[in-house]
Amino acid sequence: MSLPLMRHAHRDTIVVRGDADRPVHARQWYEFPLGGGGATETWCYTDRLSYAAGDDVAVHGISTADRVDIGIVRCGKACAGIDTLAGVPARWEKTPADASVNGCRWPVLAGFTVDPRWLSGVYLLTVRPSGQPDDRQCARYLFVVRPREPDPGRLLLITADSTWHAYNDWGGSNHYEGIVDPLGDRFSPRLSRLRPFARGFVALPEDAPRTLPHRPPAIGAPVSYDHMDWAWRNGYSKKYASAGWASYERHFLQWAERRGYGVDVATQSDLHYRPEVLSGYRCAVIVGHDEYWSWEMRDTVEDFVVCGGCVARFAGNFFWQVRLENDGQTQICHKYRVREDDPVRNGPSPHLATGQWESPEVDRPGHGTFGLDGSRGVYAGWGGLAPRGPGGFTVFRPEHWALAGSGLGYGDVLGGQSRIFGYEVDGLDYRFEDGLPYPVPAATLPGDLEILAMGFARLREDGFGEHPDMLFVGDADARFVAGHVHGSRDPYTVARVDRGSGMVVSFSRGRGEVFNAGTTEWVAGLLRRDRSVERVTRNVLDRFMDR
């Protein structure tokens, strides 16, 4: 896309990057091909997200330029150029208004074959008008090359691509907001993966703000969301800091490779369609924000652990079930309207209804896979959601192997200076006994689960009286969890679910183990070289890799 042009939701007007402030009414803005006004535009996506050696990759795209250059780079501790396709003929085509839901249907711009010599990893595509070095006129996408054969001496990083697509607002609709319903103001339960990623999901400048501000706001300061204001001013997606390769997995991969870990990469879609992708690995790693999973993805992870595999999850907000259709090119999640709209609920497989994991329709609590539940979190450290908390996890069991050598004792805070606690966290119902937290027993909760560290979270924002028009979360999620999970929206139940937690837990299942640091922002500790966070991360990876 040629910045600064973006389209404003619910209007056929064009808004301009560089406005001093985000207008109060601009609750949604999104990218969409305009094809006019003399601006140079280029857009692209690939026909799949995951490929194996020898697979053909089709790059679909359009451009107002006659020819484009396509660069391919493997991302790692040092990004390495792989190939360049120069002078590729291009043309412009009109994009369907429902592209975010049913796909862009653009022609194939170019194709190439995955060289068997290419290492497993994340590969970045850059498509730019030929002879135009300006990055503002280029399009970016990514694809994954999954491993040819398992290597037990390497980590297997699983990308949270279901969450990437859920937040991707390119074209105007995602699982949060939308323009293609009759009123143009409702989230879409159906999303196409055959469209570009919104700006900021694939690449970001190093100074792009994270969701959690680096310093807590002053007491009494108005509620603010600095990352969204930055996105508005600079022409990025409103959701860039909530999901995507650039904000999360990228930082872990670069950190791990710089510290000597070999890292292969697979996608959540691979877990769904190719469960054998985990076979032969000792340790699978999940990082950042993995809010959306399918039933089949969870089955694959649980089977891997029972058979002796280890899972290191440095991620948060395990919340929604999705279904994949059309060979994985369409993602379905009815969310808040699962009871009204999802036809699966009344069919032969009602457990595949796309609602919250603990809802009566699904009834598969997240703690059965990862030991924690998203609904027992969720928000901390930003907006009006405990923004002045300690920023990290309070340690309760420093003697645990994961905390060895961290320098932390009982009551110390893990990751406080690097602010790893938030923006969304996972927790459990718990009780305190002799100064230690214990999980409240549940039928599907692992029996040997230990809470190593924890903190406190919210489901509704403070500030209703002072700044009601400036709130982003408000109390909608608290009312949803109270009603959908607990069956009542009375004040007592809403207040009960409002007080959540975030936890670091460890447990075993079958012959395998799981370590779960239930926060989306764990990577901030790696990015900011927090010694204790790095030490815990290495303890987990080294144990699980038998190093």
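The values are calculated or read from the model by the stated rules, or taken from the named source; none is laboratory data. Owing to the predicted nature of the structure, the values given are computational and were not obtained by experimental measurement. Here the Cβ positions follow ideal geometry from the backbone for every residue, glycine too, while neighbour counts run over all protein chains shown. Note: accessible area is taken over every heavy atom of the protein model, side chains too, but ligands, DNA and RNA are not part of it. Shrake-Rupley method; radii C 1.70, N 1.55, O 1.52, S 1.80 Å.
Accessible surface of region 315-377, 1.4 Å probe: 45 percent of it comes from carbon and sulfur atoms.
The fraction of accessible area contributed by carbon and sulfur in region 142-195 is 51 percent, rounded to a whole number (1.4 Å probe; ligands and nucleic acids excluded). Other residues with beta-carbon under 14 Å from the beta-carbon of Lys94 carry, at +1 per Lys or Arg and -1 per Asp or Glu, a net charge of -1. Looking at the chain, the DSSP beta bridges with both ends there are about 75 percent antiparallel.
Over all projection directions, the Cα-based convex hull of region 347-394 averages an area of 4.8 nm². Note that region 150-196, at 10 °C in a medium of 1.306 mPa s, gets a Stokes-Einstein diffusion coefficient of 129 µm²/s from its Kirkwood radius over C-alpha pairs. Could you grab the relative contact order for region 423-547? Cα pairs under 8 Å, six or more apart, rounded to a whole percent. It comes to 28 percent, rounded to a whole number. Semi-axes of the equivalent ellipsoid of region 105-238 are 30, 22, 19 Å, computed as sqrt(5λ) over the eigenvalues of the C-alpha gyration tensor in descending order. Residues in region 299-316, backbone N under 15 Å from the label point at His351 (7 Å along the Cα-to-beta-carbon vector): list them, ranges by number please. Only 299-303 fall inside the zone, counting backbone N under 15 Å. Once C-alpha pairs closer than 8 Å and six or more residues apart are averaged by separation and normalised to the residue number of the chain, the relative contact order reads 14 percent. In this simple spin-label approximation, Asp341 and Arg431 carry label points 7 Å from Cα along the Cα→Cβ vector, and these lie 4.1 nm apart. Averaging 1/r across all pairs of distinct Cα atoms in region 450-547 and inverting the result yields a Kirkwood radius of 16.4 Å.
Taking amide H as placed 1.01 Å from N in the peptide plane, the amide H of Tyr430 sits under 5 Å from that of Val440, each at least 5 places away or on another chain. By the Cα gyration tensor, the chain has an equivalent ellipsoid whose semi-axes, rounded to whole angstrom, run 35, 28, 23 from largest to smallest. Give me Rg/Rg_expected for region 199-305, where Rg uses Cα atoms only and Rg_expected = 2.2 N^0.38 Å with N residues. That works out to 1.34 for region 199-305. With 0.36 nm allotted per residue and the present C-alpha distance subtracted, the Ser130-Leu183 stretch has 15.0 nm of extension available. I'd like the trypsin sites (Lys or Arg not before Pro) in region 68-140 restricted to DSSP loop residues with at most 12 other Cβ atoms within 10 Å, sorted by number. Here the sparse-neighbourhood loop sites are Lys94, Arg117. Once the chain from Arg117 to Arg489 is taken as fully extended at 0.36 nm per residue, the excess over their C-alpha distance is 128.2 nm. What net charge is computed for the residues neighbouring Ala160, neighbours being all others with C-beta under 13 Å from the C-beta of Ala160, Lys and Arg scored +1, Asp and Glu -1? Its environment carries a net charge of -4. Taking every alpha-carbon pair under 8 Å whose residues sit at least 6 apart, region 503-547 reaches a relative contact order of 26 percent.
The residues packed around Thr46, meaning those with a beta-carbon under 12 Å from its beta-carbon, carry a net charge of +1 if Lys and Arg are +1 and Asp and Glu are -1. P(r) tail for region 372-463: Cα pairs beyond 22 Å make up 31% of the total. Within a straight-line Cα-Cα reach of under 19 Å, Lys94 can be paired with the following aspartates and glutamates, leaving aside sequence neighbours fewer than 8 residues apart in one chain: Asp12, Glu31, Glu41, Asp47, Asp66, Asp169. Taking 0.36 nm per residue of separation and subtracting the current Cα-Cα distance, fully stretching the chain between Arg364 and Arg397 would add 9.0 nm. Using the Cβ-Cβ distance between Gln329 and Asp448 with R0 set to 60 Å, the FRET efficiency works out to roughly 0.90. Quick one: grab the alpha carbon gyration tensor of region 86-178, order the square roots of its eigenvalues as a ≥ b ≥ c, and give me rounded if a/c is under 1.5, else prolate or oblate depending on whether a/b is larger than b/c. Oblate.
Okay, helix-only estimate at 222 nm for the chain: each DSSP H run of n ≥ 4 adds -39500 (n - 2.57), divide by all residues, round to 500 deg cm²/dmol; what do you get? The helix contribution divided over the chain gives -4500 deg cm²/dmol. Quick check: the angle from helix 295-306's long axis to the longest principal axis of the chain, C-alpha only, nearest 10 degrees? For 295-306 against the chain, the angle is about 50 degrees. Distances over 19 Å make up what percent of all Cα-Cα pairs in region 308-439? In whole percent, the long-distance tail amounts to 63.
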